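A short write-up of the structure that comes next.
The values are calculated or read from the model by the stated rules, or taken from the named source; none is laboratory data. Keep in mind that what you see is a predicted model, and the values were worked out from it rather than measured. Glycine also receives a Cβ, built like all others from the backbone with ideal geometry; neighbour counts cover every protein chain displayed. Accessible surface is based on the protein model in full, side chains and every heavy atom, while ligands, DNA and RNA are left aside. Shrake-Rupley method; radii C 1.70, N 1.55, O 1.52, S 1.80 Å.
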Amino acid sequence: MAVADVFVDLRSDTVTRPTPGMREAMATADVGDDVYGEDPTVNALEAEVAALFGHEAALFAPSGSMANQIALQLVVPPGDELLCDADAHVVTYEIGAAAAYGGISSRTWSPVGADIDPDVVAAMVRPEGYHAVPTRAIAVEQTHNRGGGGVIPLATLRELRRIADDAGVALHCDGARIWHAHVADGVPLAGYGALFDTLSVCLSKGLGAPVGSLVVGSADKIARARVLCKRMGGGMRQAGILAAAGRYALAHHVDRLAADHAKAARLAEAIAPFGVLATTVRTNLVPLDLTKAPLDAQALAAAARAEGVLVSVLGPRTARLVTHLDVDDAGIDRAIEVLTRVLRG
Ligand SMILES: Cc1ncc(COP(=O)(O)O)c(C=O)c1O
């Protein structure tokens, strides 16, 4: 029996399973060998996503981590520098890939989630020269995972674009959950796309596809991205089966993210009286700051699990709840009932 049949699984939006409609789309997908560039469904997905973000091209890659790392290698040569938040996925959860595969040196600003101060970033940029490591790119995360699903305001992104242009460096977006930002703030995807040199966007988070992310950028960059992807072992063959799931997700699962955001807000509101700070919830992630709670994150997760609710532990007194396609309103009711009981102590 699958975990989702037993638990209300609020650990991540990556745990979703393909819906019947998505499975039908996958089963009937037209496929070919994508390494030969001959998979019609992959080609259609790449064209569709490039157009959504107003860029020339896109590359379908096996994971968000690989899409990020390909993009970073496109914009930062070995030995040069990437700037990002200390809590960014690219330097927290990608197992040192930027250094290991790209020879990229990363320098971080103090973790602030979506509340980036552009002046802080501008002051960090180092110019070309032999004396210090030159900055080549700035990366941001929209929405911010460890930043509790926060949405970086458009004005901040515009300011970062100006800083990047002035300094002659690239701006990359880890847009694993950019769809959530689009739904929460009403910014068109092309509006985001226009601000970045490269984006990585995931189909396998809130959108509910089983596998797949895309690197988005200029035709020239994506031609190089194909080589980097193949070099990293990311060349796929009849990947149209997976691309079909992604195309289905884009057609059916973007607007419904508003419902996941509402479920997250309901969870946050219910838990707040028990000393858990979950007040800044904007999207589908509910960060739990347990510093004032009667139990730590491990204890909370264990107690909730014993009652059929799964929670992510992010630190000794930090945990996270994530709403998604596979948790309905009844699941949220159950989670509220269990978590409030456990947190009451
Ligand atoms: C913000 C962010 N970027 C990138 C990724 C990486 O995606 P993947 O697990 O497909 O490598 C994740 C995964 O959860 C994420 O949250």
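Scanning segment 82-99 for residues that are away from the ligand (no atom under 15 Å from the Cβ) and farther than 17 Å from Glu159 by Cβ gives a single hit, Ala99.
Please verify whether segment 121-132 includes one or more residues that are closer than 17 Å to Asp197 by Cβ, hydrophobic (A, V, I, L, M, F, W, C) and within 16 Å of the ligand (Cβ to nearest atom). There is no residue in segment 121-132 that is closer than 17 Å to Asp197 by Cβ, hydrophobic (A, V, I, L, M, F, W, C) and within 16 Å of the ligand (Cβ to nearest atom). Taken residue by residue, segment 137-155 has no member that is open to solvent by less than 30 Å² (accessible area, probe 1.4 Å) and part of a helix (DSSP H, G or I).
The residue pairs whose first member lies in segment 84-100 and is in contact (Cβ under 8 Å) with a residue 60 or more places away in the chain, whose second member is part of a loop (DSSP other than H, G, I, E, B) and surrounded by fewer than 21 Cβ atoms within 10 Å (Cβ to Cβ), and whose beta carbons are closer than 6 Å, counting only pairs six or more residues apart or on different chains, are Asp85/Pro111; Asp87/Pro111.
Look at segment 36-60: where a residue is without any contact (Cβ under 8 Å) to a residue 12 or more places away in the chain and a partner is open to solvent by less than 20 Å² (accessible area, probe 1.4 Å), sitting 6+ places away or on another chain with Cβ atoms under 6 Å, you get Glu38/Gly32. One residue alone among Ala319, Ala304 is part of a helix (DSSP H, G or I), in contact (Cβ under 8 Å) with a residue 12 or more places away in the chain and not polar (S, T, N, Q), and that residue is Ala304. Taking the criterion of being charged (D, E, K, R) and in contact with a strand residue (DSSP E or B) (Cβ under 7 Å, 6 or more places away or on another chain), the residues of segment 147-176 that qualify are Arg161, Asp174.
So, Glu48, is that one within 16 Å of the ligand (Cβ to nearest atom) and crowded, with 16+ Cβ neighbours inside 10 Å or not?
On the way: within 16 Å of the ligand (Cβ to nearest atom): no; crowded, with 16+ Cβ neighbours inside 10 Å: yes.
When the stated conditions are applied, Glu48 does not pass them.
Quick one: in segment 100-120, of everything that is within 28 Å of Arg282 (Cβ to Cβ) and among the β-branched types (Val, Ile, Thr), which residue is farthest from the ligand (Cβ to nearest atom)? Checked segment 100-120; the qualifying residue farthest from the ligand (Cβ to nearest atom) is Val120. Each residue in segment 236-278 was checked for being part of a loop (DSSP other than H, G, I, E, B) and modelled with pLDDT under 95, and 3 pass.
Within segment 248-265, does at least one residue satisfy the condition of being closer than 25 Å to Val327 by Cα, touching a strand residue (DSSP E or B) at 6+ places or on another chain (Cβ under 7 Å) and buried (at least 21 other Cβ atoms within 10 Å of the Cβ)?
Going residue by residue through segment 248-265, those that are closer than 25 Å to Val327 by Cα are 248-265.
Next, only the ones that are touching a strand residue (DSSP E or B) at 6+ places or on another chain (Cβ under 7 Å) stay: 264.
Subset that is buried (at least 21 other Cβ atoms within 10 Å of the Cβ): 264.
Yes, that holds for at least one residue.
Once segment 199-246 is narrowed to residues that are touching a helix residue (DSSP H, G or I) at 6+ places or on another chain (Cβ under 9 Å) and of a type in the set (Val, Ile, Thr), the residue that is farthest from Leu321 (Cα to Cα) is Ile222. Among residues that are surrounded by fewer than 22 Cβ atoms within 10 Å (Cβ to Cβ), of a type outside the set (Lys, Arg), in contact with a Lys or Arg (Cβ under 6 Å, 6 or more places away or on another chain) and farther than 16 Å from Ala137 by Cβ, Asp117 is not included.
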